[in-house]
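Structure first, commentary second.
The values are calculated or read from the model by the stated rules, or taken from the named source; none is laboratory data. Because the structure is a prediction, the values reported are computed rather than measured. Counting neighbours? That spans all protein chains shown, and the Cβs are built from the backbone with ideal geometry, glycine included. Ligands, DNA and RNA are stripped out before the accessible areas are found, and what is left, the full protein with its side chains, is counted by its heavy atoms. Shrake-Rupley method; radii C 1.70, N 1.55, O 1.52, S 1.80 Å.
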Amino acid sequence: MAYPATRVDAVVDTVHGVTVPDAYRWLEDEKAPEVQAWMKAQDAVAREALAKMPGRDALVRRFRELFYVDSISIPARRAGRYFYIRTHKDKEKAVLYWRDGEKGAEKVLLDPNGWSQDGSVSLGTWAPSWDGKKLVFAQKPNAADEAVLHVVDVDSGQWSKGDVIEGAKYAQPRWTPDGKGFYYEWLPSDASIPVDARPGYTTLRFHALGEDPKKDALVHPHTGDPSTFLQGDLSRDGQFLFVYILRGWNENDVYWKRPGEKDFRLLVKGQGARYNVVAWKGRFYVNTDEGAPRQRVFEVDPAHSERSAWKEIVPEDPVASLQNMNVVGEHLALEYMKDATTVIRVATLRGKRVREVELPGVGAASNLSGLEDEDEAYFVFTSFTTPRRVYKTSVQSGKSELWAQVELPMDPSAYTVDQVFYPSKDGTRVPMFLVYRKGLKRDGNAPTLLYGYGGFNVNMEANFRASILPWLDAGGVYAVANLRGGGEYGTAWHEAGRQANKQNVFDDFHAAAEYLIREQYTQPRKLAIQGGSNGGLLVGAAMTQRPELYGAVVCQVPLLDMVRYHLFGSGRTWIPEYGTAEKAEEFRTLHAYSPYHHVRPDVRYPALLMMSADHDDRVDPMHARKFVAAVQNAPGGLSPALLRIEMNAGHGGADQVAKSIESSADQYAFLFQALEVGGLQGGQAAQGR
């Protein structure tokens, strides 16, 4: 392909005695006119090529059927009022509604479809007050992480002109019981603070309604450490205020006090362990992986909160990993994961098991959502072949009923879901889900898309993905590997894919590909891989380590320069996960797998579609730019390497349905062409109905 010209500079660093070339350092400066022109030219080349790919128009039509849908979220109940998100077949963005009582008249509270002409302003986090009269929410320009808080009066729908709070990138507001104010995390936008240092300036503040936000009271100061997160929480009764200091995804400290008291006191200092606290009726319920990789639950008396006085009430399960704990309906709601599928258990507040919540099948479910003292609760269930369903349940009786569901033009019975287990390089047993149309022939010719993540204690669950249906209907296999680095099997599984152990994640992924080939699902030229963010790092490493194993790569909003990642975006907050090149031993680990630094000139790499976003303020798009430049300029790079840039979009992409359709159509048209798949021809688009 004819790519835009890319300058090659003789930039070389010496890091801990190692020579590290960086020919595309200049592409880090997004504001430079030359970089802006390069980005515009790259995106134009990519979109022109993608638009010409066979079958793309059929994909657009099918995705319109699948993406423009009516749906409803779990409701948040406050003083008899219900607040929930609804999507519509004829709207680009989801709308926030409310009603008095479950059967009350539905009323629009926030409709982001009218917030900007180009749809670039999005609705972020939202939280109704406990009396249901006010709601605080975040507006996010360009669907980025940076946000501004506003307050709306529920009855009148009027936005408060005085309660406007900037610096809400990490804000998760918590209302006081009287509805007169809320606590929130605040991050200054001072230009004198280096971008990579900003997370360490997060503070906890309190905003009283009607007061000048610039004078909001400082509740907890910043840590000064950009590798940490600071989070606040307030018990529903307002009796206990908590502050969490998180060092990555493997440990945190917890402090607490009663509002009005001057100083916080330490509840627990994390030493390689994580803690989450729910306070109810004067007691603390703490779930932790301290001494229990699959987690356990303690009851704590605040009057005697020293660690030696904690009482274990839910022991560690030997085969299921505790993921989440709530107090709902005067019971503990415990969400577990067993072999990458969800199990929900209900226990008394003393930890005695009452029952398992009956789920409609094997898949992914949310924990029970409800109020601590009310019996009514809700949960979401989904699977690879079951679109999202919301169930209403009674904590006391265990009876559940379908409350809302998504209707799609598809036939779930046309598909098969298998869970297989395969050995990784070191013999570790790794689970993987396989989804395909019934009647698949195992002759090694099925186009296969392998997806993974492998990091940050994040689980790859059996969630429904409407975007894969055209792939399945064209005879494709969709595979999801539950790699180490996730939390599917507890802390030990995460630790086995973190920092010095990161290569295990890539080995697990390669082994998944080898299994699919060995078991005659596919072959290398028919095997594509996909991942985003940390998963983008995964597929970048897979592509550079084993290029002969894969036929195509879809890499989305990735990390790829692991020597300099910590200097950009939220990079320093990920040091506990990856390590940092500032330390010699950790540099050696990072440099050994950093995809950008392992693009070789004599290698023919798989076809690459790089999908970036122009307002990604979490993972800096410089990773995508530098990597694509390196691949395009490699003499052996005879396969296409395209850089598609989503405009007015953040790390999670744009939240307009039309843009999601275009993005998905480009992705699958690219895969169909790269793997020589027939695509959606004739009536294939309707086969899933």
Check your understanding: Considering only protein heavy atoms and a 1.4 Å probe, what is the carbon-and-sulfur percentage of the accessible area of the chain?
Key -> 48 percent
Exercise for review: Work out, step by step, the length gained on full extension between residue 161 and residue 212: first 0.36 nm times the residue separation, then minus their alpha carbon distance; give nm to one decimal.
Suggested key: 17.3 nm
Study note, to complete from the structure: From the cross-link list 134/262; 502/526; 31/626; 140/161; 103/281; 93/134, the entries with a Cα-Cα span beyond 24 Å are 134/262; 502/526; 103/281
**Study point:** Calculated log₁₀ intensity ratio I(q)/I(0) where the Debye formula runs over C-alpha points of region 143-299, q = 0.18 Å⁻¹
**Key:** -1.17
Revision key, fill the gap. For region 323-430, Rg(Cα) over 2.2 N^0.38 Å is 1.24
Revision key, fill the gap. Taking Cα pairs closer than 8 Å and at least 6 residues apart, the relative contact order of the chain in percent is 12 percent
Study note, to complete from the structure: Relative contact order as a percentage, region 48-128, C-alpha pairs under 8 Å and 6+ apart, gives 17 percent
Review point. With +1 on each Lys and Arg Cβ and -1 on each Asp and Glu Cβ, how big is the dipole of region 1-144 about its Cα centre, in debye rounded to the nearest 20?
Key: 900 debye
Check your understanding: What is the helix-to-structure angle for 534-545, meaning the angle in degrees between its Cα long axis and the longest Cα principal axis of the chain, kept from 0 to 90 and rounded to the nearest 10?
Key -> 20 degrees
Review point. Once you put a point 7 Å from the Cα of residue 339 and another 7 Å from the Cα of residue 638, both along the Cβ direction, what distance in nm separates them?
Key: 4.5 nm
Revision key, fill the gap. Reduced to Cα centres, the span from region 335-383 to region 423-502 in Å works out to 24 Å
**Study point:** Degrees between helix 503-518 axis and first principal axis of the chain (Cα, 0 to 90, nearest 10)
**Key:** 60 degrees
Review point. How many angstrom separate the Cα center of region 10-29 from the Cα center of region 575-614?
Key: 13 Å
Exercise for review: Just round it to a whole percent: the fraction of Cα-Cα distances in region 376-528 exceeding 20 Å.
Suggested key: 56 percent
Revision key, fill the gap. Helix 657-674: inclination vs the chain longest Cα principal axis, degrees, rounded to 10, gives 30 degrees
Review point. What does a probe at residue 79 reach in region 98-118, counting residues whose amide N is under 17 Å from the point 7 Å along Cα→Cβ?
Key: 98-102
Exercise for review: Give the distance, in whole Å, between the Cα centre of region 234-300 and the Cα centre of region 114-134.
Suggested key: 29 Å
Study note, to complete from the structure: For region 99-201, shape from the Cα gyration tensor axes a ≥ b ≥ c, cut at a/c of 1.5 then a/b versus b/c, turns out oblate
Study note, to complete from the structure: As a Kirkwood estimate from alpha-carbon pairs, region 533-613 has a hydrodynamic radius in angstrom of 13.1 Å
Practice item. Determine which aspartates and glutamates satisfy two conditions relative to residue 89: a Cα distance under 18 Å, and not lying fewer than 8 residues away in the same chain. Key: 65, 70, 106, 111, 407, 655, 662
Review point. Modelled label-to-label distance, residue 197 and residue 32, 7 Å Cα→beta-carbon offset: nm?
Key: 2.4 nm
Practice item. Would you please classify the overall shape of the chain from the alpha carbon gyration tensor, given that a ≥ b ≥ c denote the square roots of the eigenvalues, rounded means a/c under 1.5, and beyond that prolate means a/b larger than b/c while oblate covers the rest? Key: rounded
Review point. Rolling a 1.4 angstrom probe over the protein heavy atoms, how many square angstrom per residue are accessible across the chain?
Key: 38 Å²
Point to revise | Neighbourhood net charge (13 Å Cβ-Cβ; Lys/Arg +1, Asp/Glu -1) for residue 137 | key: -1
Practice item. Measure off 7 Å from each Cα along the Cα-to-Cβ vector at residue 492 and residue 373, then give the distance between these two points in nanometres to one decimal. Key: 4.2 nm
Practice item. Would you mind estimating how fast region 242-353 diffuses translationally, via Stokes-Einstein at 10 °C and 1.306 mPa s with the Kirkwood radius over Cα pairs, in µm²/s? Key: 109 µm²/s
Revision key, fill the gap. 1/(1 + (r/R0)^6) with r = Cβ-Cβ of residue 520 and residue 583, R0 = 41 Å, i.e. FRET efficiency to nearest 0.05, evaluates to 0.35
